[in-house]
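Colleague: Quick one: this structure, given as C-alpha cells, is what I'll be asking you about.
Laboratory data are not the source of any read-out in this text; all were calculated from the coordinates shown. Since the structure is predicted, the reported quantities are computational estimates derived from the model, not experimental observations. FYI the Cβ positions are ideal-geometry reconstructions off the backbone, even for glycines, and counts take in every protein chain you see.
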Amino acid sequence: MDERLHGLLARFPDADRLLAASRDLRRRGLTRLDAYSPHPVEGLDQALGLSERRVPVIALVCAVVAGAGALALQVYASLDYPFNVGGRPVLSWPAYSIVTFAMTMVGATLGAMLSMLWLNGFPRPYHPLFNVAEFDAASRDGYFLCLEASDPLFDAERLREHLLQNGAVSIREVPA
Amino acid sequence: MNRRRDELAPPGLSAGALTDRVSATVLGTRPPRAWWLALGLATLLSLLFLVGVVYVLSVGVGAFGLNIPVAWGFPIINTIWWIGIAHAGTLISAVLWLTRQDWRASISRSAEAMAMFAIVLAGSYPLLHLGRPQFAYFLLPYPNLMDLWPQWRSPLVWDFFAIASYLLFTASFLFLSLLPDLASLRDRARHRAVQLFYGVLALGWRNSARHWHRYQQAHRVLAVIAVPIVVSVTGTISLDLAVSIVPGFHFTIFPPYFVAGALYSGFATVAIIAIVLRALFGFRDLITRAHLNRLGIMMLCFVLVVDYAYLQEVFTAFYTGEDFYRSVYYDRWSGPYAPFYWGMILCNVVLAQGLWFRRLRESVPGLLCLAVIAEIGMWLERFQIVITSTHKDYMPSAWDTVTPSAWDWLTYAGSIGVFVVLLLLFIKLMPAISMHDMREMLHRRKQREADHG
C-alpha cells in the first residue's frame, strides 16, 4: 500500500503550529517534506532547511551578461560603422549607458522570473496533492504539511503520532 | 492619531473571508450593472481611438496638429503623460513593498494593472508618430544588408529601449503578483472551463514553502530593480527634450522633475481607480479612507517637488542671462499658449494645495476632484513643455504656432477609453485586490496584536 502513497497531508490550525511541526519533523531527520500556506510564512523556509539562493544569483548573472552584451553591441556597432557627429569620439560611452542600463534590467527581470518558474518546476499541470479536495484551502486559509512517502524514514503510523502531537487537526493519505 | 479611523481593513476580517469575497467578484455570477454601463461607454469612447488610428495611418501624421517647428505635438505629450501614470504602479508595488508599507496591499494589484495598460498606450503614440510605423523595427539592432545600426547616441533610441524594457518589467511583475492569486481562483472555481482557464494560468502553483521561498527571492529582485526603473524611464524620456539645445527643453532639472510629475499624476490615477473599485465592488472596508489619505499624501509630496521644479526652471532661465531662455518664459506667460501655462499653474500649484487638508484627502468627492485636477494639470504641463518650447526657439523666421486638430483630441479621448476598457476587463477577469498580499498583511496584523497582548 505504501507504494501507492504520495504521502501524508496534515492540516494545522495556524501558521505557528505549522512552523513548529515543520521544525520538529525536520529535527527528527525527515528530508522529504513540504509545507503549504496561503501566504509566505516567516521562518518556514529555514525550518524546512531551504537555503538555496539560485534565483538572485541567476538574476545577477543574466543582468551582467545582458548589460555587457548591450554595451559590447554598441561598441561594436560604433566601430563597424564609425559615425562622426561634430567630431565627437567614435566610442562615446556616456551615451551608451542608458541602453546598457535598460538591457541590464531586462536581464535581471527575465533571469529572476524565468529561474523562479523553472526551479519551481512550472508549468506543472498535474500533482498528486491536487487530488485532495481539502488541499484547495491552501490558497485560502489552510496550513498544510506534507510528508512524502519517498522519504527513507517514512513510516505512516509513527509519523501520524508526531503530527497529532504537533497539533494537526486532520491527517489524510495522499494517493500517488 | 485615531486608530479606528486609520484602520486599513475591518478588524475581524479573516484570510478565508477575504479570499472568498475577492474571488467572488471574479467568479461570481453577474458583474454589477454599473460595470456593464461603464464598459459600454468606455467601449464607445475607445472606438474613437480606433477611428483616429486608422485615419492617421491612412493619411499620415499630417492629420495631427503638427508642423515645423512644432514637430512633436500631441503624440509626444500623450506618451509622456501615459508613461508617467504608469510609474506610480511600479512605485506602489515595488518601493512601498520594500519599505514594508501595509497600506499598499489592497491597492497594489490595480496599480500594477494600471501601469501595464498605461505603458501600452504610451508605447502606441510614438509608433503612430513615426508616420510609417511599419518601419518601427529600424530602432532595433538587427543584421541588415545596408550594414546600418541604430544611432546609439540618439535619445530616441534610448527611449525605445527604456519603454520596451519597462513594458517587459511591468508585465513580468504583474504576472508574478498574479500567480498565487490565479491558484486561489483555480481552487475556488466550480465550473470545469473556469478551473482550466485559471489552472493553466496558475502553472501548477501549490503554495508550497519552496514556491514561496523562490517567489519571494524573485519578487525581491524585481522590487529592487524597480527602484532605478521608476526613476530612469521617465528620466530617459525627458532626455529626448533635455539633450537638445532648444530653450525650454535644455534644463538639467528635467529628469527628476519629470519623475516627480509622473508619480504625481500616477498616484492621482491610482486614487481614481481606488475610488471606482470601492463603489463598483463595495470594497469600502478594504480600500478605506486611510488608503485614500495616504494616496493623497503621496500626491502632495510629489506635487511639491513639481512646484519646486517650476520655480527652479524660471530661476534658471533668468539666471543664465540668455535672452532666448528668458523669452521662452515671457512667451509662456503671455504668448499664444499662455492659457495652458496659467491653467497648469492653477491646477498644479494653486488647487493642488487642497491636498494639505486631511478632510479633503479622506473625502471621496474631494480626493476625486483633486485627482482629476492632477491629471489635467500634468497634461497641461506636458503640453506647455512640448509645444511652447519649440514653437518659438531661436530664429524669428522659424517661429510658428500650431493648433491641435480634431484628430488629436479624438485619439487622445479614445486612448482614455481604451485604458478604461482594459482596466474594466482586467478587474472582472482577475482579482482586483491582491489576495495573497492581503492575507500576508492580515497575518502580520494578527501577529502584532498577539505580541501586544
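Colleague: Give me the one-decimal Kirkwood hydrodynamic radius in Å for the range B:30-161, with the sum taken over alpha-carbon pairs. Write out the running numbers ahead of the final one.
Modeller: Details: mean 1/r = 0.0563 Å⁻¹.
Evaluated on the range B:30-161, it is 17.8 Å.
Colleague: Farthest toward the dipole's positive end in chain A, which of A:Leu129, A:Leu60, A:Ala149, given Cβ charges of +1 (Lys, Arg) and -1 (Asp, Glu) about the Cα centre?
Modeller: Value computed over the given set: A:Leu60.
Colleague: For chain B, what's the relative contact order in percent, using C-alpha pairs closer than 8 Å and at least 6 residues apart? Working shown, then result.
Modeller: Numbers: 608 pairs, mean separation 144.1, N = 453.
Relative contact order here is 32 percent.
Colleague: Additional query: Please state the equivalent ellipsoid semi-axes for the range A:54-119: what are the square roots of 5 times the Cα gyration tensor eigenvalues, largest first, in whole Å?
Modeller: Over the Cα atoms of the range A:54-119, the ellipsoid semi-axes are 31, 9, 7 Å.
Colleague: Out of B:Leu425, B:Ile68, B:Val22, whose Cα points farthest toward the positive end of the dipole of the protein assembly as shown (charges: +1 Lys, Arg; -1 Asp, Glu; placed on Cβ)?
Modeller: B:Val22
Colleague: By per-residue mean of other Cβ atoms within 10 Å, what is the highest-first order of B:280-292, B:263-275?
Modeller: Values: B:280-292: 19.8, B:263-275: 26.8.
So the peptides B:280-292, B:263-275, ranked by packing, come out B:263-275, B:280-292.
Colleague: ³J(HN,Hα) across the range B:104-119 via Karplus (A = 6.51, B = -1.76, C = 1.60, θ = phi - 60°), whole Hz, x for Gly/Pro?
Modeller: Each residue of the range B:104-119 in turn: 6, 3, 7, 10, 5, 4, 5, 5, 5, 5, 4, 4, 4, 6, 5, 5 Hz.
Colleague: Roughly how crowded by other chains is peptide A:52-65, in terms of the mean Cβ count from those chains within 10 Å of each of its Cβ atoms?
Modeller: On the way: counts 4, 3, 2, 9, 6, 1, 3, 7, 1, 0, 0, 2, 0, 0.
So the per-residue partner count for this stretch is 3.
Colleague: Ok, one more. Exposure proxy check: A:Leu48, A:Leu71 ranked by fewest other beta carbons within 10 Å? Please report the intermediate quantities before stating the final value.
Modeller: On the way: A:Leu48 23, A:Leu71 18.
Ascending number of Cβ neighbours within 10 Å: A:Leu71, A:Leu48.
Colleague: So, one more: Compute the distribution of all C-alpha to C-alpha distances in chain B, in bins of 10 Å from 0, and list the percent of pairs in each, rounded to whole numbers.
Modeller: 4, 19, 29, 25, 14, 6, 1, 0
Colleague: Neighbouring Cβ atoms within 10 Å as the yardstick, rank A:Val169, B:Val224 fewest first. Mind showing how you got there, number by number?
Modeller: Working: A:Val169 13, B:Val224 16.
Taking fewest neighbouring Cβ atoms as first place, the list is A:Val169, B:Val224.
Colleague: Could you tell me the center-to-center distance, by alpha carbons, between the range B:81-95 and the range A:1-65 in angstrom?
Modeller: So the two Cα centres are separated by 34 Å.
Colleague: Using the count of nearby Cβ atoms within 10 Å as a rough guide to exposure, how do B:Leu370, B:Leu156 rank from fewest to most? Could you put the intermediate results ahead of the total?
Modeller: On the way: B:Leu370 26, B:Leu156 13.
Result, fewest neighbours first: B:Leu156, B:Leu370.
Colleague: In addition: Cα axis of helix A:93-119 to longest principal axis of chain A: angle in degrees, 0 to 90, nearest 10?
Modeller: Its long axis makes an angle of about 20 degrees.
Colleague: Something else about it: Taking H as built 1.01 Å from N, whose amide H comes closer than 5 Å to the amide H of A:Tyr143, not counting residues under 5 places away?
Modeller: A:Phe12
Colleague: Using Cα pairs closer than 8 Å and at least 6 residues apart in sequence, work out the relative contact order for chain A, in percent.
Modeller: Relative contact order comes out at 51 percent.
Colleague: From the phi of every residue in the range B:251-261, what ³J(HN,Hα) in whole Hz does the Karplus formula 6.51 cos²θ - 1.76 cosθ + 1.60 yield, where θ is phi - 60° and glycine or proline is x?
Modeller: Values per residue, Gly and Pro as x: 10, 6, 6, 3, x, x, 5, 5, 5, 4, x Hz.
Colleague: Report the Cα centroid-to-centroid distance between the range B:108-157 and the range B:170-236 in angstrom, as an integer.
Modeller: 26
Colleague: Between the range A:99-130 and the range B:65-79, how many Å separate their Cα centres?
Modeller: The range A:99-130 and the range B:65-79 have Cα centres separated by 39 Å.
Colleague: Expressed as an acute angle from 0 to 90° and rounded to the nearest 10, what is the orientation of the C-alpha long axis of helix B:15-27 relative to the principal long axis of chain B?
Modeller: 60
Colleague: For helix B:209-242, what angle does its Cα long axis make with the longest principal axis of chain B, in degrees from 0 to 90 and rounded to 10?
Modeller: Long axis of B:209-242 versus the principal axis of chain B: about 20 degrees.
Colleague: For the protein assembly as shown, what is the charge dipole size about the Cα centre, in debye to the nearest 20, if Lys and Arg each add +1 at the Cβ and Asp and Glu each add -1 at the Cβ? Don't skip to the answer; put the middle values down first.
Modeller: On the way: 52 positive and 45 negative charges, 287 e Å.
Dipole size: approximately 1380 debye.
Colleague: Give me the inter-chain shielding for B:149-158: mean count of other chain Cβ atoms within 10 Å, whole number please. Intermediate results must be reported in sequence, preceding the final value.
Modeller: Details: counts 8, 4, 6, 14, 9, 2, 2, 0, 4, 7.
Per residue, the average neighbour count from other chains is 6.
Colleague: Something else: Given H placed on each backbone N at 1.01 Å, which residues far from A:Leu5 in sequence or on other chains put an amide H within less than 5 Å of it?
Modeller: For A:Leu5, the qualifying residues are A:Ala176.
Colleague: For the protein assembly as shown, what is the mean residue ellipticity at 222 nm derived from helices alone (per DSSP H run of n ≥ 4: -39500 (n - 2.57); sum divided by total residues; nearest 500 deg cm²/dmol)?
Modeller: Values: 20 runs with 392 residues, N = 629.
Rounded to the nearest 500, the figure is -21500 deg cm²/dmol.
Colleague: Next question, about the same structure. Rg to Rh for the range A:12-167: what is it, with Cα atoms only and Rh by Kirkwood?
Modeller: Details: Rg = 24.7 Å, Rh = 19.6 Å.
Using Cα coordinates only, the ratio equals 1.26.
Colleague: Around A:Ala20, under 12 Å between beta carbons, what's the net of Lys plus Arg minus Asp minus Glu among the other residues?
Modeller: Values: positive: A:Arg17, A:Arg23, A:Arg26, A:Arg27; negative: A:Asp14, A:Asp16, A:Asp24.
Residues near A:Ala20 contribute +1 overall.
Colleague: Moving to a separate point now. Scaled to the compact-protein estimate 2.2 N^0.38 Å, what is the alpha-carbon radius of gyration of the protein assembly as shown, rounded to two decimal places? Can you show the working numbers first?
Modeller: Values: Rg = 27.2 Å, N = 629, 2.2 N^0.38 = 25.5 Å.
Cα Rg divided by the expected 2.2 N^0.38 Å: 1.07.
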